[in-house]
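Here's the structure, in structure tokens; my notes come after.
The values are calculated or read from the model by the stated rules, or taken from the named source; none is laboratory data. Everything numeric here is computed off the predicted structure, so don't read it as measured data. Backbone-built Cβ (ideal geometry, glycine too); neighbour counts: all protein chains shown. With ligands, DNA and RNA removed, areas are computed over all heavy atoms of the protein, side chains included. Shrake-Rupley method; radii C 1.70, N 1.55, O 1.52, S 1.80 Å.
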Amino acid sequence: MSAIFGPFGCGLLTLVVVATGLRLQRFPVSARIAILLAGAFAVFAAFGDLSAAAYVRGVTGDLSMTTLVLAGAAGVARLTGRTVIEPRELRALFWLVAGAAAFLYPFALGWTPFDPYALGYGSFGFVTALLLVTLAAWHFRRNVVVLIVVAAALAYFIGAYESRNLWDYLIDPLVAVYALVRLLAGVRRRPSHEVAETTACIV
């Protein structure tokens, strides 16, 4: 399983990064499809012993379901020009990812006796907390959070990756950094919007 899912996820992320760099949405739909098909061939076809996706995987490791869902949504947006995930859902997801990263990574470095990464090996408390978060997300219609948790759970149960730790299916360093950057960018933009609204009211 991991030999399929691992390269697929890294290849998907590579395609989305390339599509974003090319500003794919400025091309006609037929050209977008052709570019993505050509890019998929270049990413997944083996040149020598490994494909480009496999080389990316060697650098990033297996990507979490959070990264894959965001990459898939970005790919659809680049192809169709339509936003798949609503901004309010993205904000909720970014806050959850940032909170999980702040809880997981500093402690996992061994600075304290408590290791939250160990909770991912079937801890009842961790699974219960994850279930409560999922139910809260469903109640408040943050569907992308529900989708990610369900996808991560399914991938975990079928053994999509070599890791048997649930954390690795939920979060990875790439999406943690991305979420923090997006949150900080939102905080920096907010004062400028407030100033503009205040100026408009005065005028």
note = Pairs returned, first residue in the range 151-167 that is more than 15 Å from Ser123 (Cα to Cα), second residue that is open to solvent by 30 Å² or more (accessible area, probe 1.4 Å) and not hydrophobic (A, V, I, L, M, F, W, C), beta-carbon separation under 6 angstrom, 6 or more apart or interchain, are Tyr161/Asp62
key: Condition broken by Leu37, with the remaining ones in (1) among the aliphatic types (A, V, I, L, M); (2) more than 27 Å from Val150 (Cα to Cα); (3) crowded, with 19+ Cβ neighbours inside 10 Å satisfied   = (3)
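Select from the range 40-51 the residues that are open to solvent by 40 Å² or more (accessible area, probe 1.4 Å) and aliphatic (A, V, I, L, M) and write down the one among them that is modelled with the highest pLDDT. It would help to see each step written out before you state the result.
Keep residues of the range 40-51 that are open to solvent by 40 Å² or more (accessible area, probe 1.4 Å), which gives 41-42, 44, 46-50.
From what is left, the residues that are aliphatic (A, V, I, L, M) are 42, 46, 50.
Details: Ala42: 92, Ala46: 86, Leu50: 88.
In this case the residue turns out to be Ala42.
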task = Could you check how many residues of the range 54-72 are buried (at least 18 other Cβ atoms within 10 Å of the Cβ), modelled with pLDDT under 95 and of a type in the set (A, V, I, L, M)?
result = 1
request  = Answer yes if at least one residue in the range 83-94 is open to solvent by less than 50 Å² (accessible area, probe 1.4 Å) and either farther than 18 Å from Ala176 by Cα or not in a helix (DSSP H, G or I) (or both), and no otherwise.
outcome  = yes
message = Here's a check for you: in the range 10-32, which residue that is over 23 Å from the mean Cα position of the chain (by Cα) and farther than 16 Å from Thr83 by Cα is least open to solvent (accessible area, probe 1.4 Å)?
response = Ala31
task = List every residue pair whose Cβ atoms sit under 6 Å apart, with the two residues 6 or more apart in sequence or on different chains, where the first one lies in the range 53-68 and is over 12 Å from Asp172 (Cβ atoms) and outside any loop (DSSP other than H, G, I, E, B) and the second, anywhere, is open to solvent by 10 Å² or more (accessible area, probe 1.4 Å) and aromatic (Phe, Trp, Tyr).
result = Ala53/Phe44
remark   = Of the residues in the range 103-114, those that are open to solvent by 60 Å² or more (accessible area, probe 1.4 Å) and under 17 Å from Pro173 (Cα atoms) come to Phe103, Tyr105, Phe107, Leu109
inquiry  = Given (1) within 16 Å of Asp62 (Cβ to Cβ); (2) charged (D, E, K, R); (3) open to solvent by 60 Å² or more (accessible area, probe 1.4 Å), identify the lone condition not met by Asp168.
reply    = (3)
message = Looking at the range 95-147 only, could you name the residues that are touching a Phe, Trp or Tyr at 6+ places or on another chain (Cβ under 7 Å), without any contact (Cβ under 8 Å) to a residue 24 or more places away in the chain and either assigned to a loop (DSSP other than H, G, I, E, B) or aliphatic (A, V, I, L, M) (or both)?
response = Ala108, Phe114, Asp115, Val146
